[in-house]
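*Asks:* Structure below; questions to follow.
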Amino acid sequence: MVYTTIISAKELYTNLQDPEWAVIDCRFNLGDIDKGRREYLKGHIPGAVYAHLNEDLSGEIIPGKTGRHPLPTIEKAIEKFSTLGIDEHSQVVAYDDYPINGASAARLWWLLRWIGHEAVAVLNGGWKHWLSSGFPQRDGEEQRAKRQFSANPDWSMQMDVMQVEKIRLDDHYRLFDSRSADRYRGENETIDPIAGHIPGAYSAPFMDNYDQEGLLLPPEQIRQRFTRILNSVPIEKAVFYCGSGVTGSVNVFAAAYAGMDGAKLYPGSWSEWIIDPLRPIATK
């Protein structure tokens with residue numbers, strides 16, 4: 001069986017000894033960028049290797065041009081995924097623990113899908129659910145034997161800033177802000193220097209896909225959520241963004257899990273949008 005959206009802790013445990021399975025620990029904390037690696041070294045799923053959001057799952061930040069987590073180049077992505085021991089035969093499982101679970105793991109899910117690898121899933125409930133289920137952990141650093149990753153990028157999965165500018169007020173599209181509702185309204189902004197959202201965007205907080213235990217809601221509930229906010233616009237015309245292109249991938253991933261594949265991501269997101277002072281902002 002190939003897993004392409006989520007996997008349970010029990011399903012992962014059952015396959016943990018399979019050498020074709022690549023488990024990637026993506027834990028990351030915006031306020032302490034080395035915390036995820038420290039936590040990984042203290043304890044992780046046996047066999048898991050670590051991928052750092054800034055260093056491994058993002059490209060080079062160019063001041064005045066890119067957002068906080070720009071996409072890596074295709075060449076860098078190929079090199080990193082090869083180093084992580086991923087090739088066309090690999091079943092990849094990503095997990096994290098932020099803020100309940102899902103954000104950095106969904107970023108890895110999106111990157112692999114974007115670059116042409118379908119067999120990638122996010123661990124439902126993340127690290128905390130793995131521990132609460134009583135499954136084992138291991139400390140220290142682990143590595144997988146290097147493999148040769150091959151890329152086949154799907155550029156239709158994303159939109160750049162110019163495309164977003166063109167569609168943001170087009171009724172044939174829906175632009176969604178995946179951050180919390182207060183940040184969408186321009187309140188309590190603690191990360192980016194300018195508060196607000198892209199005019200024309202609707203609020204769709206990524207955390208609305210989870211229950212209180214940090215597990216994804218049943219697919220029918222997520223499907224109902226997106227059907228309601230899309231308001232007859234097809235999922236292929238939905239574009240998600242967030243602060244830097246990370247939590248926006250959670251909404252894209254959750255929609256795919258609910259059987260609504262095809263949503264697009266604006267990777268540059270709010271942190272790229274606000275670089276140009278001529279671009280409009282909204283706070284309503």
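*Asks:* Using the 10 angstrom Cβ neighbour count as an exposure proxy, how do Ser249, Ser58, Ser178 rank, fewest first?
*Replies:* Details: Ser249 29, Ser58 23, Ser178 32.
Ordered from fewest to most neighbouring Cβ atoms within 10 Å, Ser249, Ser58, Ser178 come out as Ser58, Ser249, Ser178.
*Asks:* I would also like to ask the following. Between Val2 and Glu142, what FRET efficiency follows from the Cβ-Cβ distance if R0 is 25 Å, with the result rounded to 0.05?
*Replies:* Numbers: r = 24 Å, r/R0 = 0.95.
For Val2 and Glu142, the calculated efficiency is 0.55.
*Asks:* As a test, work out the antiparallel percent of DSSP beta bridges whose residues both lie in the chain, rounded to the nearest 5.
*Replies:* On the way: 3 of 24 bridges.
Given both bridge residues lie in the chain, the antiparallel proportion sits at roughly 10 percent.
*Asks:* Right, next: Treating only the Cβ of Lys, Arg, Asp and Glu as charged (+1, +1, -1, -1), what charge dipole size does region 110-184 show about its Cα centre? Round to the nearest 20 debye.
*Replies:* On the way: 11 positive and 11 negative charges, 51 e Å.
Dipole magnitude for region 110-184 comes out near 240 debye.
*Asks:* So how strong a dipole does the chain carry about its Cα centre when Lys and Arg Cβ are +1 and Asp and Glu Cβ are -1, to the nearest 20 debye? If you can, show how the numbers build up before the last one.
*Replies:* Details: 30 positive and 38 negative charges, 80 e Å.
With only Lys, Arg, Asp and Glu charged at Cβ, the dipole is about 380 debye.
*Asks:* Could you tell me which chymotrypsin sites (Phe, Trp or Tyr not before Pro) in region 195-284 are loop residues by DSSP with no more than 16 other beta carbons within 10 angstrom of their beta carbon? Don't skip to the end; give the middle numbers.
*Replies:* Values: sites: Tyr202, Phe206, Tyr210, Phe226, Phe240, Tyr241, Phe253, Tyr257, Trp270, Trp273; in loops: none.
Here no chymotrypsin sites (Phe, Trp or Tyr not before Pro) fit, given the DSSP loop and packing criteria.
*Asks:* Let me ask another. May I ask for the angle, rounded to the nearest 10°, between helix 248-257 and the longest principal axis of the chain, with both axes built from Cα atoms and the value confined to 0 to 90°?
*Replies:* Helix 248-257 sits roughly 70 degrees off the main axis of the chain.
*Asks:* Got a sec? Charge dipole of region 6-132, +1 on Cβ for Lys and Arg, -1 for Asp and Glu; which of Thr14, Ala51, Leu30 is way out at the positive end?
*Replies:* Leu30
*Asks:* Using the Cα atoms of region 155-273, I'd like the radius of gyration and the largest Cα-Cα distance, Dmax, both in angstrom.
*Replies:* Rg and Dmax of region 155-273, Cα atoms, are 13.3, 39 Å.
*Asks:* With a cut-off of at most 13 other beta carbons within 10 Å, and DSSP calling the residue loop, which GluC sites (Glu not before Pro) in region 213-284 qualify? Please list them.
*Replies:* Values: sites: Glu213, Glu220, Glu236, Glu272; in loops: Glu213.
Hits after loop and neighbour filter: Glu213.
*Asks:* Could you point to the label whose value was computed as Kirkwood radius over Cα pairs in Å for the structure here, given (i) 22.1; (ii) 18.9; (iii) 19.7?
*Replies:* Identified label for the calculated read-out: (ii).
*Asks:* Where does each of Ile78, Ile24, Ile7 land when they are ranked from fewest to most other beta-carbon atoms within 10 angstrom? List each step's numbers first, then the result.
*Replies:* Numbers: Ile78 17, Ile24 28, Ile7 22.
Exposure proxy ranking, most exposed first: Ile78, Ile7, Ile24.
*Asks:* Next up: Tell me, what ³J(HN,Hα) does each residue in region 79-96 have, in order and in whole Hz, if you take phi through Karplus 6.51 cos²θ - 1.76 cosθ + 1.60 with θ = phi - 60° and put x for Gly and Pro?
*Replies:* 4, 5, 5, 5, 5, 6, x, 10, 9, 5, 8, 7, 9, 9, 10, 10, 8, 7
*Asks:* Oh, and also: How far is the Cα center of region 42-92 from the Cα center of region 114-137, in Å?
*Replies:* When both Cα centres are located, 16 Å separates them.
*Asks:* Here's something else I'd like to know. Sort out for me the Cα centre separation of region 251-284 from region 1-26, rounded to whole Å.
*Replies:* Their Cα centres are 29 Å away from one another.
*Asks:* Now for a different question. Fewest first, what order do Asp56, Asp32, Asp160 take by the number of other Cβ atoms within 10 Å? Each step should come with its number before you reach the end.
*Replies:* Numbers: Asp56 20, Asp32 9, Asp160 12.
Fewest-to-most ranking of Asp56, Asp32, Asp160: Asp32, Asp160, Asp56.
*Asks:* Follow-up. Please give the charge dipole size of region 6-132, origin at the Cα centre, charges +1 on K and R Cβ atoms and -1 on D and E Cβ atoms. Round to the nearest 20 debye. Please list the in-between numbers first.
*Replies:* On the way: 13 positive and 17 negative charges, 98 e Å.
Here region 6-132 has a charge dipole of around 480 debye.
Every number here is computed from the coordinates shown, using simple stated rules; none is lab data. The structure presented is a predicted model; accordingly, all values stated were derived computationally and were not measured. Glycine also receives a Cβ, built like all others from the backbone with ideal geometry; neighbour counts cover every protein chain displayed.
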